[in-house]
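Here the structure comes first, spelled out in structure tokens, and everything after it is commentary.
The values are calculated or read from the model by the stated rules, or taken from the named source; none is laboratory data. Quick caveat: nothing in here was measured; it's all calculated off a predicted structure. For neighbour counting, all protein chains shown are included, and Cβ atoms are generated from backbone atoms with ideal geometry for every residue, glycine included.
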Amino acid sequence: MKNKKGIVWGIVIALVVVLALAWPKFSDKFQAEPKSNWPEKDITMVVPFNPGGGTDLTTRALADEMSKSLGKNISVVNTPGASGSVGTLSVQNAKHDGYTMLGNGFMAFVSYPVMGYTEQTHRDWNIWIATLSPNVIAVKEDSKYTDVNSLIKDLKDHPGAVSVGTAGIGTGGHIASEVLKSALGFDYKHVPYQGGNPAILAALSGEVDFVPQLSMEMVDMLRGKKLKGLAALTEKPLEIDGADPIPSIADTHPELKSIVPLGETFGIAVPKDTPKDVVKKIDEAFNKAIKSETMKKFAKEKGVEVLGYSGDEAQKFVEKLATTVDWALYDGGVAKISPEKFDIAKPKK
């Protein structure tokens, strides 16, 4: 009898010990995340580029609309440096409470790990994508290149002789050039400038043969017929109000269908461990803002497409973007760190 009681007590003690050890691992499941009254004060939105660019303009338009829903002011602070990684790191290093957000362009954003700027990847963030400004291959109106096929033929026939002007190493135009170089098998002479506008002016003056910058950076030149769009890195022809339609590069080069659309997608992000109730409120404010007349008007004026991606849809889009961009930069020798280190898959052929 004593032996049976001893066995029973032994089992009871063992169960108590197991439960005590296991409790921290699953106790969170039974505890509701404490709700906050966020936002209780104004919010800072860090834009890691200079004022006046595509990231800055889009973020400010979005922030103004989101502030109406949240009932607090969203103050945009420009913190440029190292292709936007300086400002991005400042948000990552701030308290993850939703009071410091990031407004960024995600083409550069996904390149930070392979360029050695950050250890974090896009998977460490909650992301909302507002708009897409595709890359446009453009030349001056009287250029000898009448279509994208004649330009690509010259690039292949004369490796390193045809010059391209971009906003600088690691920017949207440069990344697009490297993606096309990798996919189509040509080489080019890269002429980096201090921003998209100087690169576009260089194409207008004939200082460079073509420019592959963003649609919103050259929209006025396209409308004024000072620049001619040979191809847009889009799935279908690019329609810009007041300008001639620009052919899709996928129509002339079907092998590029897997990489388009390619361009700078602008939006906002907060670190992944931001409280869930805060993320939900940001999501609600973003969705209201993206459907506003203000954002529709902004998109029409700037020649961009409203996407409005959030959650899994945004993550899926950015994952594909990382695959395309990071491997092109690595294969082209621009990035020194392999995307494999971050489990970023190679693009499917």
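One line per residue, one yes/no per condition, for (1) over 30 Å from K140 (Cα atoms); (2) assigned to a strand (DSSP E or B); (3) not charged (D, E, K, R):
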{"residue": "G267", "(1), (2), (3)": "yes, yes, yes"}
{"residue": "V279", "(1), (2), (3)": "yes, no, yes"}
{"residue": "T294", "(1), (2), (3)": "yes, no, yes"}
{"residue": "G308", "(1), (2), (3)": "yes, yes, yes"}
{"residue": "T324", "(1), (2), (3)": "no, no, yes"}
{"residue": "G333", "(1), (2), (3)": "no, no, yes"}
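Checking each residue in the stretch 310-349 for being of a type in the set (D, E, K, R) and more than 15 Å from S177 (Cα to Cα) picks out D312, E313, K316, E319, K320, K336, E340, K341, D343, K346, K348, K349.
Pull up the stretch 62-80, narrow it to residues that are modelled with pLDDT of 95 or more and touching a Phe, Trp or Tyr at 6+ places or on another chain (Cβ under 8 Å), then point me to the one that is surrounded by the fewest Cβ atoms within 10 Å (Cβ to Cβ). Across the stretch 62-80, the extreme among qualifying residues is M66. Only one of the listed residues (S248, S215) is in contact with a Pro (Cβ under 8 Å, 6 or more places away or on another chain), in contact (Cβ under 8 Å) with a residue 60 or more places away in the chain and of a type in the set (S, T, Y). That residue is S215. Only one of the numbered conditions (1) of a type in the set (S, T, N, Q); (2) touching a strand residue (DSSP E or B) at 6+ places or on another chain (Cβ under 8 Å); (3) within 19 Å of G103 (Cα to Cα) is not met by S292, and that is (2). Tell me, yes or no, whether the stretch 81-103 has at least one residue that is assigned to a strand (DSSP E or B), among the aliphatic types (A, V, I, L, M), over 20 Å from the mean Cα position of the chain (by Cα) and modelled with pLDDT of 80 or more. No, the stretch 81-103 contains no residue that is assigned to a strand (DSSP E or B), among the aliphatic types (A, V, I, L, M), over 20 Å from the mean Cα position of the chain (by Cα) and modelled with pLDDT of 80 or more. For the residues V162, V179, the requirement of being under 24 Å from G105 (Cβ atoms) and outside the structural domain of P113 (by TED's automatic domain parsing) singles out V179. Residues in the stretch 125-164 that are among the small types (G, A, S) and in contact with a Pro (Cβ under 8 Å, 6 or more places away or on another chain): 1 in all.
Here the strands (runs of 3 or more DSSP E) wholly within the stretch 104-222 that include at least 2 residues being aromatic (F, W, Y) are 125-134. Answer with yes or no whether S248 is farther than 16 Å from N135 by Cα and polar (S, T, N, Q). Spelling it out, it is not the case that S248 is farther than 16 Å from N135 by Cα and polar (S, T, N, Q).
Taken together, K140, K144 contain a single residue that is of a type in the set (K, R) and without any contact (Cβ under 8 Å) to a residue 40 or more places away in the chain, which is K144.
Answer yes or no as to whether V318 is buried (at least 21 other Cβ atoms within 10 Å of the Cβ), modelled with pLDDT of 95 or more and part of a helix (DSSP H, G or I). So V318 passes the test. Among the residues of this structure, L57 does not count as one that is in contact with a Lys or Arg (Cβ under 9 Å, 6 or more places away or on another chain), at pLDDT 95 or above and not assigned by TED's automatic domain parsing to the domain that holds R223. Of the candidates I268, I249, the single residue that is crowded, with 24+ Cβ neighbours inside 10 Å and closer than 23 Å to A314 by Cβ is I268.
If the condition is being β-branched (V, I, T) and under 20 Å from G54 (Cα atoms), then the stretch 262-315 contributes T265, I268, V270, I290, T294, V304, V306.
When L151, L204, L180, L184 are checked against the criterion of being surrounded by fewer than 17 Cβ atoms within 10 Å (Cβ to Cβ) and hydrophobic (A, V, I, L, M, F, W, C), a single residue qualifies: L184. The residues of the stretch 65-101 that are of a type in the set (A, V, I, L, M, F, W, C) and on the phi < 0 side of the Ramachandran plot, listed by number, are M66, L70, I74, V76, V77, V86, L89, V91, A94, M101. For A243, state whether it is part of a helix (DSSP H, G or I) and small (G, A, S). Judged against the criteria, A243 is not a match. Could you tell me which residue of the stretch 277-300 is surrounded by the fewest Cβ atoms within 10 Å (Cβ to Cβ), considering only residues that are under 15 Å from R60 (Cβ atoms) and over 21 Å from the mean Cα position of the chain (by Cα)? So the residue we want is K297.
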